[in-house]
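Encoded as structure tokens, the structure appears first; notes follow it.
The values are calculated or read from the model by the stated rules, or taken from the named source; none is laboratory data. Note that the structure is a prediction, hence the values are computed from the model and not measured. Virtual Cβ from ideal backbone geometry, glycine too; neighbours counted across all protein chains shown. Accessible surface is based on the protein model in full, side chains and every heavy atom, while ligands, DNA and RNA are left aside. Shrake-Rupley method; radii C 1.70, N 1.55, O 1.52, S 1.80 Å.
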Amino acid sequence: MPRCGTVALAGRPNVGKSTLLNALIGEHLAIVSPKPQSTRLPVVGLLTRGDAQFIFTDSPGLLVPEYPLHHVMRAAALRAIADADVIAYLHPLPEHPAPHLQEVARLEHRPRAPIVTVYTKADLVTPSDRPTVRPSDEVVVSAVAKEGLDNLLDALGGRLPEGPFHYDPDEMATQPLRFFAAEFVREAAFELLHEELPYSVAVEIDEFREGATPVYIRAIVYIERESQKGIVIGEGGRTIKALGQAARTKIETLLGQHVFLELHVKVLPKWRRHEASLKRLGYAS
Ligand SMILES: Nc1nc2c(ncn2[C@@H]2O[C@H](COP(=O)(O)OP(=O)(O)OP(=O)(O)O)[C@@H](O)[C@H]2O)c(=O)[nH]1
Ligand SMILES: [Mg+2]
């Protein structure tokens with residue numbers, strides 16, 4: 001009997017959820033950053049291995065909300081946990097032992113699904129310093145060193161419900177290309193803009209012409225204040241140009257096609273705190 005089900009990658013911000021999703025799928029689907037809170041919306045990655053099909057959801061980090069966007073992020077993370085057949089609860093190995101997920105997520109009840117605790121970033125701990133983990137429900141991985149991934153899939157796969165595959169085994173994503181295009185512009189913003197500025201950036205795809213050669217994409221880069229506009233554009237347009245180039249390369253890698261990416265910078269005042277703006281940007285609660 002085949003097995004198929006959803007696996008939520010859950011944990012605090014910056015523990016390596018998105019990096020692990022990408023390592024498991026073998027494709028750069030989810031944006032990654034050394035800065036916390038880079039993931040705002042769930043990213044789904046599909047993996048079919050033998051008679052098991054994994055529907056992974058990388059979700060925002062479990063945080064204590066400070067403003068409306070945070071509430072949307074937390075709600076998405078909690079929904080992923082509630083909907084999951086199996087929960088992969090990530091925690092960095094250098095910070096072993098992990099507190100209970102229930103505590104980190106501030107849940108009133110224990111989640112319904114079985115939990116596998118995944119200690120991440122194992123490459124940061126010398127083998128002789130590594131704590132021993134419970135083999136029954138704890139796994140040590142390094143997404144960067146590609147270590148422990150088979151072991152992790154064995155642990156998760158054994159907990160998936162029996163049932164037919166939901167997707168074609170060749171598929172790896174469920175979300176539209178324009179979603180990934182917008183995310184990659186945001187990832188470039190995390191790479192090229194400093195300090196708090198990436199948190200003020202939201203991206204909307206205005207036009208996506210897949211039939212065109214090269215594929216034509218026009219995106220709007222929203223920021224929150226007029227004073228941020230100059231920084232994002234840069235001297236003589238240098239910064240926005242670099243941002244566009246970095247994002248274009250990422251989109252081309254996923255699409256396997258040449259892309260013409262046009263970026264426009266606009267102000268959407270305090271969009272992170274404004275319900276209507278959040279909705280418009282796809283951050284609906
Ligand atoms: N050394 C090392 N660094 C890692 C590993 N996995 C992730 N990282 C780094 O940890 C940082 C955060 O990674 P992300 O994958 O963005 O973490 P996340 O949990 O998705 O973060 P949020 O989406 O912000 O909640 C990045 O700088 C990654 O490169 C790993 O296995 N080893
Ligand atoms: Mg992430």
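Among the conditions (1) closer than 16 Å to residue 90 by Cα; (2) away from ligand 1 (no atom under 16 Å from the Cβ), the only one that residue 9 does not satisfy is (2).
Based on what the data block shows, is residue 184 touching a helix residue (DSSP H, G or I) at 6+ places or on another chain (Cβ under 9 Å), touching a residue at least 40 places away in the same chain (Cβ under 8 Å) and of a type in the set (Phe, Trp, Tyr)?
It is true that residue 184 is touching a helix residue (DSSP H, G or I) at 6+ places or on another chain (Cβ under 9 Å), touching a residue at least 40 places away in the same chain (Cβ under 8 Å) and of a type in the set (Phe, Trp, Tyr).
Does residue 115 count as of a type in the set (A, V, I, L, M), in contact with a helix residue (DSSP H, G or I) (Cβ under 8 Å, 6 or more places away or on another chain), under 13 Å from residue 9 (Cβ atoms) and open to solvent by 20 Å² or more (accessible area, probe 1.4 Å)? So residue 115 passes the test. Restricting the first member to the stretch 31-42 and to residues that are within 12 Å of residue 187 (Cβ to Cβ) and aliphatic (A, V, I, L, M), and the second to residues that are within 6 Å of ligand 1 (Cβ to nearest atom) and not in a loop (DSSP other than H, G, I, E, B), the beta-carbon pairs closer than 8 Å and six or more apart or on different chains are 31/18; 32/18; 32/19.
Please verify whether residue 112 is assigned to a loop (DSSP other than H, G, I, E, B) and among the basic types (Lys, Arg), treating the condition exactly as stated.
Numbers: assigned to a loop (DSSP other than H, G, I, E, B): yes; among the basic types (Lys, Arg): yes.
Considered against the rule, which asks whether it is assigned to a loop (DSSP other than H, G, I, E, B) and among the basic types (Lys, Arg), residue 112 comes out as yes.
Determine which member of the set 18, 38 is touching a Phe, Trp or Tyr at 6+ places or on another chain (Cβ under 7 Å), within 9 Å of ligand 2 (Cβ to nearest atom) and modelled with pLDDT of 95 or more.
Details: 18 fails: touching a Phe, Trp or Tyr at 6+ places or on another chain (Cβ under 7 Å).
Just one listed residue meets the conditions, 38.
Results for (1) assigned to a loop (DSSP other than H, G, I, E, B); (2) open to solvent by less than 40 Å² (accessible area, probe 1.4 Å); (3) within 11 Å of ligand 1 (Cβ to nearest atom), shown as yes or no for each residue.
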position	(1), (2), (3)
19	no, no, yes
29	yes, yes, no
35	yes, no, yes
44	no, yes, no
54	no, yes, no
57	no, yes, no
62	yes, yes, yes
66	yes, no, no
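Filtering the stretch 76-93 for residues that are within 12 Å of ligand 1 (Cβ to nearest atom), within 22 Å of residue 247 (Cβ to Cβ), in contact (Cβ under 8 Å) with a residue 40 or more places away in the chain and surrounded by 22 or more Cβ atoms within 10 Å (Cβ to Cβ) leaves an empty set. Is the stretch 163-178 home to any residue that is more than 18 Å from the chain's Cα centre (by Cα) and of a type in the set (Gly, Ala, Ser)? Yes, the conditions are met somewhere in the stretch 163-178.
Taking every residue in the stretch 140-166 that is farther than 16 Å from residue 123 by Cβ and pairing it with any residue that is within 16 Å of ligand 2 (Cβ to nearest atom), at least 6 positions away or on another chain, the pairs with Cβ-Cβ distances below 6 Å are 156/7.
Just one residue in the set 21, 63 is without any contact (Cβ under 8 Å) to a residue 60 or more places away in the chain and touching a strand residue (DSSP E or B) at 6+ places or on another chain (Cβ under 8 Å); that residue is 21. For residue 50, the test of being open to solvent by 40 Å² or more (accessible area, probe 1.4 Å) and over 28 Å from residue 270 (Cα atoms) is passed. For the stretch 118-153, a residue qualifies if it is within 16 Å of ligand 2 (Cβ to nearest atom) and either more than 21 Å from the chain's Cα centre (by Cα) or in a strand (DSSP E or B) (or both), and the qualifying residues are 118, 120.
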